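Values in this text are rule-based calculations from the coordinates and carry no lab data. Predicted model, so just to flag it, every value in this text is computed and none were measured. Glycine also receives a Cβ, built like all others from the backbone with ideal geometry; neighbour counts cover every protein chain displayed.
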Amino acid sequence: MTVTRTPVVVFISGSGSNLHALLEDSRKPDCPFRVCAVVADVAAPGLAHAEAHGIPHHVVRLADFPDREAWNRELARVATSYAPTYLVLAGFMRLLGAPVLEAFPDKIINTHPALLPSFPGPHGVRDALAYGVKVSGVSVIMVDAGVDTGRIIAQEAVTVADDDTVETLHERIKERERPLLVSVLRSLCEQGVPAAP
Ligand code: GRF
């Protein structure tokens, strides 16, 4: 059976374990997506995964541009040059602006290590732990102009242990996050964006 693979571009800022999960899944014969490029806003360690898989990768640093608008225009230019159907933000730690959002309307997904709408922003794990929640988890959302305000596509809960630290809780969340992100991307590529409730 020949699978037509949907092209995706992945944005990262960090260690890239979610990227790695996507790349490993993309090697499977039944995988409906292929990662055509990886874009980072810093010299992220996770770019090594792109390198190991022979995937083109780019570092587009905010500091190299006069303002966020120009940086966003360059991100949009680099991403659109691969003609992807979806952008996947896999630990990309910056807010995207209009040039990118308008180039990929309803086609950008993000993963967040908390149960949105609780604990949005860059410190979701720390904030949930500090609040004292007994259950946290992971959310995969469609990206809009807000900070983690987009439509929720999928979530999974993770129980918080009494002795959890930010690191131990985040690691357990990431164990659930990676397969959830893969499964959401597979569904999007196979069935499209789910209807709004
Ligand atoms: C993930 O938990 C993501 O949700 C958060 O940062 C982490 C990135 O992990 N924003 P990795 O770089 O994919 O390992």
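Points worth noting:
- Extension reserve of the Leu95-Ala70 stretch, reckoned as 0.36 nm per residue once the Cα distance is removed: 7.6 nm
- Local electrostatic count, Thr85, Cβ distance below 14 Å [Lys/Arg +1, Asp/Glu -1]: +2
- Sites Ile152 and Thr85, calculated FRET efficiency, Cβ-Cβ separation with R0 22 Å, nearest 0.05: 0.60
- Radius 15 Å from Cβ of Pro7, net charge of other residues (Lys, Arg +1; Asp, Glu -1): +2
- Taking the chain as a Gaussian network of alpha-carbon nodes connected by springs under 10 Å, the highest mean-square fluctuation of the residues Pro105, Pro56, Pro66 belongs to Pro66.
- The chain - mean residue ellipticity at 222 nm from DSSP helices (-39,500 (n - 2.57) per run, n ≥ 4, rounded to 500): -10500 deg cm²/dmol
- For trypsin sites (Lys or Arg not before Pro), the sites in the range 1-64 that DSSP calls loop and that have at most 12 other Cβ atoms within 10 Å are Arg27, Arg61.
- Across the chain, the mean sequence separation of Cα contacts (distance under 8 Å, 6 or more residues apart), normalised by length, yields a relative contact order of 19 percent.
- Spin-label pair Thr165/Ala63, simplified geometry with 7 Å Cα→Cβ offset, distance in nm: 2.8 nm
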